[in-house]
Amino acid sequence: MNKLSKASVLYLILIFILLYAPIFYLIFYSFNSGGTMHDFQSFTWKWYKELFQDTRLLVIVLNTIIVALLSASIATIIGVFGAISLSMMRRKRLRNTVLSLNNVLIVSPDVIIGASFLIFFTILGIKLGFVSVLLSHIAFSIPIVVIMVLPKLQEMSPTLMDAAFDLGAGWKEVLSKVILPYISPGIYAGFFMALTYSLDDFAVTFFVTGNGFSTLSVEIYSLARRGISLNINALSALLFFLTLLLVIGYYFVSKRTVRRHKPGVNK
Amino acid sequence: MTDALRHMKVHMMKNKVNWYTIPYYLWIALFVIAPVVLIVYYSFFDIEDQLTFSNYEKFFTPVYLKMTLNSFWYAFLITFFSLIIAYPTAYILTKTKHKQLWLLLIVLPSWINLLLKAYAFLGIFGTYGAANEVLDFLGIGKQQILFTDFSFLFVSVYIFIPFMILPIFNALEKLNSSLVDASKDLGASSWTTFSKVIFPLTIDGVKSGCQAVFIPALSLFMITRLIAGNRVITLGTAIEQHFLITQDWGMGSTIAVFLIIIMIVIMMLTGSKKERGIR
């Protein structure tokens, strides 16, 4: 392997500083007793204490987590069966059409998804709030689950299913004992992606949420529009570590499943 | 077991599973097809619920055309700067020892809530923020950074860089390194090797990176509001404005229809031929 030139290393370091500096800047000032994002005065836990006493915000955090877990779970179930259905389609044209429809929400800009869902819910008379937000999150998470699961299904050899049938398995057993275990890395990946999509979403939620219901992103937006408050900094520090834990956790889970499946997969 | 019997069993499985796939197809009908149809339908109604083409006429007036052009220009600049920063980064990354780890670290900031990153820049670019302190130190003096085109472009590029790096990195990884060696052996300079071998062979990654940046950049509205004040109006801001502030859903839908059309055109332009063949 060629050794990297000094300039390359410097460039990479610069990029890393650029990417991480704003995040650490936020976290750094969350400990500022001065109450502003400049002129660091003295170290304090004040903003964190305030954060944990703010019941309204805690409810919003809880809402966000509930929506994320529920929407990711439901989207994963629907998406897995969607992917199985797609993989069983023999007619190529039909499959391509369904796949294109599947991908529409992945490539659509958030504003369009949000605006069109707003019209949709209003026409159906669904009250804007928890239900509309949950339905929207399920809706934009399904395609990503399908995309994560489909390659696993396609690399699965059809003889595996034939063998199971030959050995007398019913379709339920084939599904639960052959197909689902085989595609489980894809399912985990899909669930994880759905979770992060939901936690991260701002634009779609902003459109379809009513007055009574709010998620973290929407709340941060309305707080930030009013100006700087170090409570947001404290919150972002906590979120940063939560994200870090999630990503590291996912990294290890995916590594473990890869190792477990290696003898069978042998790519 | 005979083949016929096996075939029957697989077929039966398909039928049984079909029941479980109903929610998926319901989703396609209700959340993919219906919303697009509704957007198009609403674009033909004005604010008094009258069936009309006036929204489309309005879209072709200088006000809206200028906004569309502006939005394009900003999206182009954002994509361009993201690309010239991301390509070298991706290239150097593929040469590092633990490249997957470094890639993970590059992508990690993109998992962090977008709002928080935008909010960070409210502090950094503020009147007393770090950026102004640096400028002061350099003797340039304090500047108004927030609520300018510069701050809008900077923050947008900051947010989109990881999305540009990822596909380019993947394309570079697939590149057969012996081709690069061959080019060098045949006496090509580094620049020729790059422009005649490396770049053309990774153009698919560049295209999908541009697609991943350009379309969202056209429809940004949160960053424009927070960082650019109300100075920059993109197609996204205009849609949000019409839907949530002036409640003129018809005009908002019309802009959305054009955004969808633009999106399809861009996807056709950046979609690689190879991929189309496989699908």
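In the condition set (1) surrounded by fewer than 18 Cβ atoms within 10 Å (Cβ to Cβ); (2) over 25 Å from B:Glu173 (Cβ atoms); (3) in the same structural domain as B:His242 (by TED's automatic domain parsing), B:Gln50 is compliant with all but (3). Collect the residues in segment B:227-243 that are within 7 Å of chain A (Cβ to nearest Cβ) and over 19 Å from the mean Cα position of the chain (by Cα), keeping them in residue-number order. B:Phe243 - this is the single residue of segment B:227-243 that is within 7 Å of chain A (Cβ to nearest Cβ) and over 19 Å from the mean Cα position of the chain (by Cα). Within the span defined as segment B:98-108, one or more residues are part of a helix (DSSP H, G or I), in contact with a Pro (Cβ under 7 Å, 6 or more places away or on another chain), crowded, with 21+ Cβ neighbours inside 10 Å and touching a residue at least 12 places away in the same chain (Cβ under 8 Å). Quick check on my filter: what residues within segment A:114-143 are buried (at least 23 other Cβ atoms within 10 Å of the Cβ) and more than 7 Å from chain B (Cβ to nearest Cβ)? Correct list: A:Gly114, A:Ser132, A:Val133, A:Ser136, A:His137, A:Ile138, A:Phe140, A:Ser141, A:Pro143.
Residues in segment A:90-100 that are hydrophobic (A, V, I, L, M, F, W, C) and within 9 Å of chain B (Cβ to nearest Cβ): A:Val98, A:Leu99. Facing another protein chain (nearest Cβ under 9 Å), assigned to a helix (DSSP H, G or I) and aromatic (Phe, Trp, Tyr), is that true of B:Tyr91? So B:Tyr91 fits the description; yes.
If I filter segment B:199-218 for residues that are part of a helix (DSSP H, G or I), of a type in the set (Val, Ile, Thr), within 12 Å of chain A (Cβ to nearest Cβ) and in contact with a Gly (Cβ under 8 Å, 6 or more places away or on another chain), do I get at least one hit? So far as segment B:199-218 goes, no, none of its residues is part of a helix (DSSP H, G or I), of a type in the set (Val, Ile, Thr), within 12 Å of chain A (Cβ to nearest Cβ) and in contact with a Gly (Cβ under 8 Å, 6 or more places away or on another chain).
Restricting attention to segment B:244-273, the residues that are more than 9 Å from chain A (Cβ to nearest Cβ) and aromatic (Phe, Trp, Tyr) total 1.
Test A:Ile248 against the stated conditions and say whether it is of a type in the set (Val, Ile, Thr) and farther than 28 Å from A:Val107 by Cα. In short, no. The criterion of being surrounded by 18 or more Cβ atoms within 10 Å (Cβ to Cβ), within 8 Å of chain A (Cβ to nearest Cβ) and assigned to a helix (DSSP H, G or I) does not hold for B:Phe81. Right, A:Lys177: more than 8 Å from every other protein chain (Cβ to nearest Cβ), out of contact with any helix residue (DSSP H, G or I) (no Cβ under 6 Å at 6 or more places or on another chain) and in contact (Cβ under 8 Å) with a residue 12 or more places away in the chain or not? Judged against the criteria, A:Lys177 is a match. Those helices (runs of 4 or more DSSP H) of segment B:1-69 in which at least 1 residues are of a type in the set (Lys, Arg) and more than 10 Å from every other protein chain (Cβ to nearest Cβ), considering only elements entirely within it, cover B:54-59. Only one entry in A:Ser42, A:Ser33, A:Ser71, A:Ser5 is free of Cβ contacts under 8 Å to residues at least 40 places away in the same chain, within 14 Å of chain B (Cβ to nearest Cβ) and small (Gly, Ala, Ser), namely A:Ser5.
The values are calculated or read from the model by the stated rules, or taken from the named source; none is laboratory data. Everything numeric here is computed off the predicted structure, so don't read it as measured data. Please note: Cβ atoms are built from the backbone with ideal geometry, for glycine as well, and neighbour counts cover all protein chains shown.
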